[in-house]
Amino acid sequence: MLWIAIRMLTGDAQKFYGLVFGIAFSTLLITQQLTIFVNLIERGASGVYNVSSADVWVMDPVSRTTDVAYAMPSTALDKVRSVPGVEWAVPHLRAQASVRTKDGDLEGVAVIGVDDATLIGLPKSMVEGSIEVLSQPDSVIIDDVGTTRMFPGQSPIGERLELNDQRAVIRGIADAIPSFTSTVVLYTKYSQALNFVPGTRNRLSFVLVGAEDPLQAKALSERIEDETGLKAQTRDEFAQDGIDFIIENTGIPLNFGITVALGFIVGVAIVGLTFSLFIRDNIKQFGALKAIGVTNAKIRRMVAVQAGLVGLVGYGLGVVGTVFFIWGFSSNPTFKGFYIPWQIPLISLVAVFLILALTGWLALRNVLKTEPASVFR
Amino acid sequence: MGTPIDTTAIGGCRPEAAICTRAVTRDFQAGQQTITVLHGIDLDIRAGELTFLVGESGSGKTTLISIMCGILWPTQGEVKVFGTDIYELSDSDLVEFRLQNIGFIFQQYNLIPSIDAANNAAVPLIAQGMDRLEARERAVAMLEKLNIGDQADKLPRQLSGGQQQRVAIARALVHEPRLVVCDEPTAALDASSGRRVMDLLRDVAVAEDRACIIVTHDNRIFDLADRILVLEDGRITHDGKDMPEGH
Ligand SMILES: Nc1ncnc2c1ncn2[C@@H]1O[C@H](COP(=O)(O)OP(=O)(O)OP(=O)(O)O)[C@@H](O)[C@H]1O
Ligand SMILES: [Mg+2]
């Protein structure tokens, strides 16, 4: 009987494709939007992810994220270094600046000053050049997304910039996760950064800490807070702070939430309508089957198999569509590093299941209500 | 016991009756009103006969055969099909009883459009749980008996109306049910096709231990009946080999 159910459904090509399209469209919309959402808000933590060697971030108590930070006096560094359990601690400067390009355009950039001696604070790998270039005078390393933004289609190596009236030369390209706003990032030595960023007495944004025992990072961060009066967050906590900041301060969750809800509603509408049309067209056949001697339980299983088939094919197409979408745009800097967390296909699978359970149940009600006696009418 | 007793007189059913109804009534609710469509039907349908149920439109023919084949509950009365009191069965047992014992020929055929003639004819066997290929083989054999074996691979829409009806007949007979019911099998056909279908049904559906009951008001085929029952306003008013005078 299940074979017959499948043939009944696939035999009506128009409706079958309509159903599959409905599910695929919903799956695509939900999966794709959730993927973009998750990856986008994770960009709020890119500053933390890019410095993977730091176990603990120490900052002024009012600082909130890598980009919303209040500078500390330089004595903070020594205070942190004296806390037991700290293997190393290095200064880290993050500031906004304006650059004038060769063409005279003005561009806002983030300047990141990394420890002169160890260069801790740079992203893990380089696209071009080595991190050693920072020892040359006036050197900066630009991030790859910044390259595509400021120097589309050309190499930035050797380019001169005017950075807050200071001369800077790009000597390398870092492979970095872009920030939420995809701001151009220039990495330089801490001492150099102090020249680039004009300013006040306090300019130490963070102290990056390596723990003697990285597994005890949480305990170490608490000890640092106790002994220095500064705020200390483990890498994971600080990454989450960045994500939370985006969630709390932008309309992004709401916007994506609306799109995901629309995907679900459109799915219910298309699938519900097509499914009930399909059932209505076949109600006589279902009635005949009931008269001949097919139990309601078997009819339920038939409709469940029909829904399951539509769900499987539609869901598969939707997920594959999302993968192609992400893959197709992977060279676009906006989508750099995008991945599909495993939870998302699971969520859309649940959504598909709900859509089909709801619409299948509605459609099935008509079949179950059909009196077998109606076949003689 | 000795000599057989005519139990009809005292309300019981003959054990050899294919279908036996006693005091069957059926009401329908039309708004506030209750319409009584059948008024105490007492009938014995014998196996081995082609029984016609005729009557004016609205007289209750469809209602009566629906009750006799287990798809419509009588308001009152008793219905036995081959000795089984079918409305005493549980819902699922009644469904199973129909699947094993009754073949249906619907006026609108109700074939499944997306499966071929042989698979359509095989539906009751498949529903009984028979292996699909074996069921198909048997269905093809039945189609051959109905002279449309060469159409076995065609979809219903590729067949003429008459061929579709033969497929529907094959479906009704493929599982060798003991009771075959048809509602208006010839209404959509011209005179000669109608007669051919009836001859066919006679050949394949009527046997020693099988009953076939046909609802019709097609007077062109009355002469093919073994027995004609006339229903008027929910009562049996005639029972005989031929139609009464004046019809
Ligand atoms: N489900 C129902 N609800 C209400 N009334 C019904 C229902 N089924 C049948 N009736 C009524 O019962 C009466 C007999 O109907 P039935 O279909 O048995 O007649 P029939 O003899 O088969 O007529 P026809 O030759 O037109 O098919 C009609 O008046 C009809 O309106
Ligand atoms: Mg009728």
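Annotations for the structure displayed:
- Residue-normalised accessible area of segment B:17-240, expressed per residue, 1.4 Å probe, Å²: 39 Å²
- Excluding ligands, DNA and RNA and using a 1.4 Å probe, chains A and B jointly bury around 2300 Å² of accessible surface, summed across both partners.
- Complex-versus-alone comparison for segment B:43-74, residues with a loss of 50 Å² or more in accessible area, probe 1.4 Å: B:ILE71
- Computed E for B:ASP199/B:ARG227 - FRET, C-beta separation, R0 25 angstrom, nearest 0.05: 0.90
- Computed over protein heavy atoms with a 1.4 Å probe, the carbon and sulfur contribution to the accessible area of segment A:304-377 reaches 76%.
- √(5λ) per eigenvalue of the Cα gyration tensor, segment B:17-240, largest first, Å: 29, 20, 16
- Förster-model FRET efficiency, 25 Å R0, A:ALA357 and A:VAL323, C-beta, rounded to 0.05: 0.45
- Relative contact order for chain A, counting Cα pairs under 8 Å that sit 6 or more residues apart, in percent: 30 percent
- For segment A:70-111, no residue has its backbone nitrogen under 12 Å from a point 7 Å from the Cα of A:ILE157, taken along Cα to Cβ.
- Of B:LEU133, B:LEU155, B:LEU50, the one that fluctuates the most in a GNM where chain B has Cα springs shorter than 10 Å: B:LEU133
- The distance separating the Cα centre of segment A:97-162 from that of segment B:38-85 comes to 93 Å.
- Counting protein heavy atoms only, chain B has 45 percent of its accessible area on carbon and sulfur, 1.4 angstrom probe.
- Principal axis dimensions, largest first and in whole angstrom, of segment A:171-272 by Cα: 63, 38, 26
- Using a probe of 1.4 angstrom and keeping all protein chains present, the accessible surface of segment A:61-229 works out to 47 square angstrom per residue.
- P(r) weight above 23 Å for segment A:218-359, C-alpha pairs, percent: 60 percent
- The fraction of all Cα pairs in segment A:8-59 landing in successive 5 Å bins from 0 to the largest distance is 4, 16, 13, 11, 9, 10, 7, 7, 6, 5, 5, 3, 2, 0, given as whole percents.
- Kirkwood radius for the protein assembly as shown, taken over all pairs of different Cα atoms as the inverse mean of 1/r, rounds to 31.1 Å.
- The simple spin-label model puts a point 7 Å past each Cα toward its Cβ; for A:SER125 and A:VAL169 those points are separated by 2.8 nm.
- In this calculation the C-beta distance from A:ARG81 to A:ILE252 is compared with R0 = 41 Å, giving a FRET efficiency of 0.60.
- Gain on full stretching of the segment that runs from B:LEU89 to B:ASN147 - 0.36 nm per residue minus C-alpha separation: 17.1 nm
- By the helix-only formula, in which each DSSP H run with n ≥ 4 contributes -39500 (n - 2.57) and the sum is divided by residues, chain A has a 222 nm mean residue ellipticity of -17000 deg cm²/dmol.
- Note: relative contact order over chain B, using C-alpha pairs below 8 Å and six or more positions apart, is 26 percent.
- Taking the chain by itself as reference, segment B:111-139 contains these residues with an accessible-area loss of 30 Å² or more in the full protein complex (1.4 Å probe, heavy atoms): B:ILE112, B:SER114, B:ILE115, B:VAL123, B:ILE126, B:ALA127, B:ARG132.
- Three-way shape call for segment A:61-229 based on the alpha-carbon gyration tensor, with the a/c threshold at 1.5: prolate
- The GNM of chain B, with springs linking C-alpha atoms under 10 angstrom apart, assigns the highest mean-square fluctuation among B:ARG171, B:ARG157, B:ARG136 to B:ARG157.
- Largest GNM mean-square fluctuation among B:LEU89, B:LEU43, B:LEU231, using chain B with Cα springs under 10 Å: B:LEU89.
- Relative to the dominant Cα principal axis of chain A, helix A:296-328 is inclined by about 30°.
- Exercise: per-residue mean of other protein chain Cβ atoms within 10 Å, B:89-97: 2
- Global form of segment A:1-154, assessed from the alpha-carbon gyration tensor, a/c cut-off 1.5: prolate
- Three principal axis extents of segment A:134-212 based on alpha-carbon atoms, in descending order, are 40, 31, 25 Å.
- Descending principal axes extents, segment A:279-346, alpha-carbon based, whole Å: 62, 23, 11
- The C-alpha atoms of chain B define a longest principal axis, and helix B:191-205 lies at about 80 degrees to it.
- Buried on assembly, segment A:274-320 (at least 10 Å² less accessible surface than by itself, 1.4 Å probe): A:ASN282, A:LYS284, A:GLN285, A:ALA288, A:LEU289, A:LYS290, A:ALA291, A:ILE292, A:GLY293, A:VAL294, A:THR295, A:LYS298
- Distance from the alpha carbon centroid of segment A:314-370 to that of segment A:54-85 works out to 44 angstrom.
The values are calculated or read from the model by the stated rules, or taken from the named source; none is laboratory data. Just so we're clear, the structure is a prediction, and the values are computed from it rather than from any experiment. Positions of Cβ are generated from backbone atoms using ideal geometry, with glycine treated the same way; all protein chains shown enter the neighbour counts. Just so you know, the surface numbers come from the protein's heavy atoms only, side chains and all, with ligands and any DNA or RNA stripped out. Shrake-Rupley method; radii C 1.70, N 1.55, O 1.52, S 1.80 Å.
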